[in-house]
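A.B. asks: Below is one structure. I have some questions about it.
The values are calculated or read from the model by the stated rules, or taken from the named source; none is laboratory data. Computed from a predicted model, the values in this text were never measured in an experiment. Using ideal geometry, Cβ is built from the backbone for each residue, glycine included, and neighbour counts are taken over all protein chains shown.
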Amino acid sequence: MKLLQPLAGKIQLKNRMVFLATHLGYCENGIVSKQLTKFYETRAKYHPGLIIVGGCYTEHLGMSSPTMIGISDDKFVPGLEKLVKIIHSYDVPVAAQLYHAGRYTHSLLLGQKAVSSSAVECRLTRETPRELSIDGIKTTVENFAKAAERAKEAGFDAVEILGSAGYLLNQFLAKATNHRSDEYGGDLRNRAKFPIEVITAIRKIVGKDYPIIYRISGDDFIPDGNTLEDNKVLVPWLVKAGIDVLDVTGGWHETRVPQITMDVPRGHYAYLAEALGETVDVPTIACNRINSPTIAEKILLRGKVDLIGMSRAFLADPAFPEKVRSDKIDRIRPCVACNQGCLDRVFEMKPVTCILNPEAGFETKRAISVESSAGNIAIVGAGPSGLEASRVLATRGFNITLFDSRNQIGGLLRFAARTPKRGEFASYLTYMQNELERLGVNMRLNTTCTADMLREEGYDSVFLASGFLPTIPEIDGLESPSVLSAVDLLENQNENLGQVVVMGGNIMGCSAALYANNHAESVYLFDSESRIGHDIGLTSKWVFIKALKDRDIEIRTEVDVTQYTGKYIMMSVEDTTSMFLADTLIVASNLEPNLRLVEAMKKTDMNFILLTDKKHALDLLSTIHTAYQKACSFKLDR
């Protein structure tokens, strides 16, 4: 398997798997924390080919959060040394990513205006940076070089220059943000002057044999950004200046071309790395939406790139490399590209975790301990919380019987996977099916549980994860057979829906509208609020809205539905009432916990733990993490 083959050259790796730099939010004022160290140690012990740590800000003006890793001052070196030594103790090489946000940071954080190539307003911060002066450019270059020197002093095996995603170097390279009229602006050669000076300065200070990696956006995917053709011209200049490895991603943070969301096909952007890799004779890393060894191997076997870069795959499963080596690929917990635990939390200024891996980011606090005196546990409900509780309790040594009234596991998550381009959720359910079978969980599907049945079967304890029920608003006419809940639609996969109105712009409503679009003459999405998608993460919301518009699904906001006749809805918009044809009305309202069995269990003397919580109805992160914690802390009373 090529993925497991070593790489020779200036940078020598034992396999082709690279854990890419990932902003985690674990530091305090730039100082390496125990949490950060334990996070990387947990991944290093499974021996990826290379770990790239970062972003590490090279100066105060380059910092976009105080929870980032600092490398802008000598005071950060001791913590970085400790981190490197721990990673090296597992015989894994490690690089430091040198980071400068440019205009991708806030003045409130810096105490002054952010800097950039030119004073062009930033869509992300809604602020206009100040243009770096010539002296400012020279200082910034020097700070990059000093940061590289600190990285080498701390024991890092290489540095990576962050020149992608719309950060400072990218801002100099793109016409969109570089409006300068001096030697740093104008044509591509001039716009490349600043990044080339950064490379040259770093090369001078670290010496000719120290590896330098450059992370580049193969295509910026923004108006007046650099295209793939531009970068084919640029990359040889970067290599001539001193680059040893090319790490190729795509897009800026503000691009409107999806890069790493679930709707992007796996491995879709490998073509960028392949095209740039062919222009230079240095190892090239392909990345973006590569979350399985099968996809990684196919890319490598095409022979156009040398390494595979992954980030979220290592968040979801630190043991990814070891499972590849031991031919246990079916046991890899997949990244489903939901962004809820990682990128969404970065933009919320929260520490990174993973919705499917509750230990990610909690390595110093969470672990599954084996129970010495295990008992027999029933878990009712095979949705995400029931699956996670089953996995944890079975790992601890309990004998688990998992019940569900449906004939398949997954609950609402299985229905979500039926939404167009949301099928990655199904890969998680396949993984959980395999894990529970491996752990010996007795799965009793197509079985409706009662309190009497559970008592008669003599379980020591019961975990109740019996899911949610759709609520029906108090609107006249919703008892009509032409009315479906969003859950009913996705579960029963109705056909020939005619003209559809979806009432409710939450994630269930958006999903229902996208699904119904393939089974209806036309689809309209109504919501009483001024905007839709209030419960969808920042990095996915715009993708949902784009998908709705691309499918000609008309979105109408501030609409109050007051009645349904079975064929028409009565609606009120700005105090004006009108009728609207709806052959099918789909209601995407709030979900309420199904507490029928809970009430019955209260009348028995059985011990039970409730996993279902109203606030977790559509929050997969809270659902799975809460189930993990309750299953970990469970003690059986004898």
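A.B. asks: Output yes when any residue across the stretch 71-86 is touching a Cys at 6+ places or on another chain (Cβ under 8 Å), in a loop (DSSP other than H, G, I, E, B), under 15 Å from residue 147 (Cβ atoms) and among the hydrophobic types (A, V, I, L, M, F, W, C), and no when none is.
C.D. replies: The answer is yes, given that some residue of the stretch 71-86 is touching a Cys at 6+ places or on another chain (Cβ under 8 Å), in a loop (DSSP other than H, G, I, E, B), under 15 Å from residue 147 (Cβ atoms) and among the hydrophobic types (A, V, I, L, M, F, W, C).
A.B. asks: Search the stretch 62-93 for residues being more than 24 Å from the chain's Cα centre (by Cα) and under 18 Å from residue 163 (Cα atoms), and hand back the single one that is surrounded by the most Cβ atoms within 10 Å (Cβ to Cβ).
C.D. replies: The extreme case among them is 71.
A.B. asks: Hey, any hits in the stretch 598-618 for a residue that's in contact with a Cys (Cβ under 8 Å, 6 or more places away or on another chain), hydrophobic (A, V, I, L, M, F, W, C), touching a residue at least 24 places away in the same chain (Cβ under 8 Å) and more than 30 Å from residue 361 (Cα to Cα)?
C.D. replies: Looking for residues that are in contact with a Cys (Cβ under 8 Å, 6 or more places away or on another chain), hydrophobic (A, V, I, L, M, F, W, C), touching a residue at least 24 places away in the same chain (Cβ under 8 Å) and more than 30 Å from residue 361 (Cα to Cα), one finds none in the stretch 598-618, hence no.
A.B. asks: Here's something else I'd like to know. On the given criteria, is residue 426 in contact (Cβ under 8 Å) with a residue 40 or more places away in the chain, hydrophobic (A, V, I, L, M, F, W, C) and not assigned by TED's automatic domain parsing to the domain that holds residue 330?
C.D. replies: No, not satisfied.
A.B. asks: Say we look at the stretch 561-609 and pick out the residues that are buried (at least 16 other Cβ atoms within 10 Å of the Cβ) and among the β-branched types (Val, Ile, Thr); which of these is farthest from residue 501 (Cα to Cα)?
C.D. replies: 609
A.B. asks: Residue by residue through the stretch 13-58, note down the ones that are assigned to a loop (DSSP other than H, G, I, E, B), farther than 25 Å from residue 141 by Cα and among the aliphatic types (A, V, I, L, M).
C.D. replies: Result: 24, single match.
A.B. asks: Now for a different question. Within the stretch 352-374, work out how many residues are surrounded by fewer than 21 Cβ atoms within 10 Å (Cβ to Cβ), closer than 17 Å to residue 22 by Cβ and hydrophobic (A, V, I, L, M, F, W, C).
C.D. replies: 1
A.B. asks: Given the options 403, 425, 415, name the one that is farther than 25 Å from residue 540 by Cβ and aromatic (Phe, Trp, Tyr). Even if it seems obvious, please write down each step before you answer.
C.D. replies: Details: 425 fails: farther than 25 Å from residue 540 by Cβ; 415 fails: farther than 25 Å from residue 540 by Cβ.
403 is the lone residue from the list that is farther than 25 Å from residue 540 by Cβ and aromatic (Phe, Trp, Tyr).
Residues checked against (1) of a type outside the set (S, T, N, Q); (2) assigned to a helix (DSSP H, G or I); (3) surrounded by fewer than 20 Cβ atoms within 10 Å (Cβ to Cβ):
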position: 350; (1), (2), (3): yes, no, yes
position: 377; (1), (2), (3): yes, no, no
position: 387; (1), (2), (3): yes, yes, no
position: 419; (1), (2), (3): no, no, no
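A.B. asks: Show me the strands (runs of 3 or more DSSP E) entirely contained within the stretch 544-638 in which 1 or more residues are at pLDDT below 95 and in contact with a Gly (Cβ under 6 Å, 6 or more places away or on another chain). Let's see the steps before the verdict.
C.D. replies: Working: elements: 554-556, 560-564, 568-573, 576-581, 584-587, 591-593, 608-610.
Strands (runs of 3 or more DSSP E) meeting the threshold: none at all.
A.B. asks: Something else: Against the condition farther than 20 Å from residue 157 by Cβ and either buried (at least 16 other Cβ atoms within 10 Å of the Cβ) or at pLDDT below 95 (or both), how does residue 59 come out, does it pass?
C.D. replies: Judged against the criteria, residue 59 is a match.
A.B. asks: Have a look at 380, 324 and point out the one that is closer than 26 Å to residue 633 by Cβ, touching a helix residue (DSSP H, G or I) at 6+ places or on another chain (Cβ under 9 Å) and either in the same structural domain as residue 245 (by TED's automatic domain parsing) or touching a residue at least 60 places away in the same chain (Cβ under 8 Å) (or both).
C.D. replies: Checking each option against the conditions leaves just 380.
A.B. asks: Then there is this: List the helices (runs of 4 or more DSSP H) inside the stretch 99-185, counting only whole elements, that have at least 1 residues being within 16 Å of residue 201 (Cβ to Cβ) and in contact with a Ser or Thr (Cβ under 8 Å, 6 or more places away or on another chain).
C.D. replies: 134-154, 168-173
A.B. asks: Please determine whether any residue of the stretch 189-208 is among the hydroxyl-bearing types (Ser, Thr, Tyr) and either outside the structural domain of residue 307 (by TED's automatic domain parsing) or within 25 Å of the chain's Cα centre (by Cα) (or both).
C.D. replies: Going through the stretch 189-208, the residues among the hydroxyl-bearing types (Ser, Thr, Tyr) turn out to be 200.
If we keep only those that are either outside the structural domain of residue 307 (by TED's automatic domain parsing) or within 25 Å of the chain's Cα centre (by Cα) (or both) too, we end up with none.
Checking the stretch 189-208: not a single residue is among the hydroxyl-bearing types (Ser, Thr, Tyr) and either outside the structural domain of residue 307 (by TED's automatic domain parsing) or within 25 Å of the chain's Cα centre (by Cα) (or both).
A.B. asks: What pairs can you find where one residue is in the stretch 438-453 and over 15 Å from residue 466 (Cα atoms) and assigned by TED's automatic domain parsing to the domain that holds residue 599, the other is among the polar types (S, T, N, Q) and surrounded by 12 or more Cβ atoms within 10 Å (Cβ to Cβ), and their Cβ atoms are less than 6 Å apart, with a gap of 6+ or different chains?
C.D. replies: 441/390; 442/401
A.B. asks: Are any residues in the stretch 514-536 without any contact (Cβ under 8 Å) to a residue 60 or more places away in the chain and surrounded by 16 or more Cβ atoms within 10 Å (Cβ to Cβ), and if so, which ones?
C.D. replies: 519, 522, 523, 524, 525, 526, 527, 532, 533, 536
A.B. asks: Name the pairs: first residue in the stretch 567-596 and farther than 21 Å from residue 517 by Cβ and among the charged types (D, E, K, R), second residue modelled with pLDDT under 95 and surrounded by 14 or more Cβ atoms within 10 Å (Cβ to Cβ), Cβ to Cβ under 7 Å, at least 6 apart or on different chains?
C.D. replies: 592/468; 592/469
A.B. asks: Let me ask you something else. Looking only at the stretch 272-298, count how many residues are closer than 16 Å to residue 7 by Cβ, charged (D, E, K, R) and out of contact with any Leu (no Cβ under 7 Å at 6 or more places or on another chain).
C.D. replies: So the answer is 1.
A.B. asks: Take the stretch 1-24 and flag every residue that is closer than 18 Å to residue 95 by Cα and touching a helix residue (DSSP H, G or I) at 6+ places or on another chain (Cβ under 9 Å).
C.D. replies: 14, 15, 16, 17, 19, 20, 22, 23, 24 - these are the residues of the stretch 1-24 that are closer than 18 Å to residue 95 by Cα and touching a helix residue (DSSP H, G or I) at 6+ places or on another chain (Cβ under 9 Å).
A.B. asks: Restricting to the stretch 186-196, give me the number of residues that are assigned to a loop (DSSP other than H, G, I, E, B) and crowded, with 18+ Cβ neighbours inside 10 Å.
C.D. replies: Number of matching residues: 1.
A.B. asks: Let me ask something additional. Could you list all residues from the stretch 389-417 that are assigned to a helix (DSSP H, G or I) and β-branched (Val, Ile, Thr)?
C.D. replies: Scanning the stretch 389-417 gives 392, 395.
A.B. asks: Tally the residues that are surrounded by 22 or more Cβ atoms within 10 Å (Cβ to Cβ) and assigned to a helix (DSSP H, G or I), restricting the search to the stretch 202-227.
C.D. replies: Counting residues in the stretch 202-227 that are surrounded by 22 or more Cβ atoms within 10 Å (Cβ to Cβ) and assigned to a helix (DSSP H, G or I) gives 1.
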